[in-house]
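We did not get these values from a lab; they are worked out from the coordinates using the rules stated. Worth saying up front: this structure is predicted, and the values here are computed from it rather than measured. Neighbour counts run over all protein chains shown; Cβ positions are idealised from the backbone, glycine included.
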Amino acid sequence: MNCLKKRRQQTQKPDFKAELTYPEAIVIPEKPSMKTRGKYRLGGPEGAVVHHTAGHQDAKGSSSVQFAINQGHCYFVITQDGSVYQQFSLDRYGSHAGKSIDPKTGESSVSRFLVGIEICAAGTLETRGDGHYTWFNKRVTNVREIKKNTDNQQAGKYQKFTDYQERALIDLLLWLDQNFPDFDLERVWGHDEVAGPKGLGYWRKNDPGGSLSMTMSEFRHKLKELKRIRANNPGSKIY
Ligand SMILES: [Zn+2]
């Protein structure tokens, strides 16, 4: 039994090849890999799904990574200061999106081919007399209101991602696009797209919603623009 246990622990140790690890990412050597369920059919992700954690925006990277390990989920984590955590190998997929459909290809269960990116933020907020509160009853002031359903954004009040988080998200997505030949910036979806009206046909999820500073359609457009601009200005980090 000891022998089996030891072997299982060894195979789960993070041991990621450099080309399968985002150079800016923090890998926590003493933690095991997040749970993966198989190899990507094309060797790497074909796009991505942007989420918010619906948790504390100031959550530590190590506890967010541990949470995913405990839940059997697999995704990048971007903390409030823009740090990116990766605790899995990018040739393998794991669960993050649940019931979902890729609006471009019509395929279900998108976790099999799109990589998940969780951004630490509380998500939707409740308004009471003296301010805006998270579902875990923390008062926050970095609030964005979406007045009516627009593109992927369901009406409501949301805790905003920080500028550090949005920049880190852009850098990560453009790196994925540059390093995986089948990665498609047109298939960078919000969870509220693949598990929302554009995918499932109804709102099952509302992240990133108004936590991101623009709609996902605008965000994809911006990513393609930045790709073009950065290609013409090598070494620059323009947002
Ligand atoms: Zn989500």
Among chymotrypsin sites (Phe, Trp or Tyr not before Pro) in the stretch 78-179, those in a DSSP loop whose Cβ has at most 14 other Cβ atoms within 10 Å are TRP135, PHE136
Taking the dipole of the stretch 15-231 about the Cα centre (Lys, Arg +1; Asp, Glu -1; charges at Cβ), the one of LEU173, LEU226, ILE117 that reaches farthest to the positive side is ILE117
Placing each pseudo-label 7 Å from Cα in the direction of the beta carbon, LEU20 and ASP130 end up separated by a distance in nanometres of 5.2 nm
Projected onto the charge dipole of the chain (unit charges on the beta-carbon of Lys, Arg, Asp and Glu, signs +1, +1, -1, -1), the Cα from TYR85, GLY201, ASN70 with the largest positive-side position is that of ASN70
If the chain between ASN70 and ASP184 were fully extended at 0.36 nm per residue, the gain over the current Cα-Cα distance would be 38.0 nm
For the ASP58, GLU145 Cβ pair and Förster radius 25 Å, calculated FRET efficiency rounded to 0.05 is 0.70
Quotient of Cα radius of gyration and Kirkwood radius for the stretch 15-231, i.e. Rg/Rh, equals 0.95
Expected vector for the stretch 102-109, Karplus 3J(HN,Hα) from phi with 6.51, -1.76, 1.60 and θ = phi - 60°, integer Hz, x for Gly and Pro, equals 6, x, 7, 9, x, 7, 8, 6
Interchain or sequence-distant (5+) residues whose placed amide H lies within less than 5 Å of the amide H of VAL143 are LYS160
Rounded to 0.05, the calculated FRET efficiency for the beta carbons of GLU225 and ARG41 at R₀ = 45 Å is 0.95
Rg/Rh of the stretch 127-239 (Cα atoms, Kirkwood Rh), to two decimals, equals 1.03
The long-range amide H neighbours of GLY55, using H built 1.01 Å from N in the peptide plane and a cut-off of under 5 Å, are ALA121, ALA122
Any trypsin sites (Lys or Arg not before Pro) in the stretch 14-94 that lie in a DSSP loop and have at most 12 other Cβ atoms within 10 Å would be LYS17, ARG37, ARG41
Interchain or sequence-distant (5+) residues whose placed amide H lies within less than 5 Å of the amide H of GLY47 are VAL115, ASP184
Expected vector for the stretch 223-239, Karplus 3J(HN,Hα) from phi with 6.51, -1.76, 1.60 and θ = phi - 60°, integer Hz, x for Gly and Pro, equals 4, 5, 4, 5, 4, 5, 5, 5, 5, 7, 10, x, x, 8, 10, 9, 10
Expected max-MSF residue from ILE78, ILE101, ILE117 in the GNM of the chain (alpha carbon, under 10 Å) is ILE101
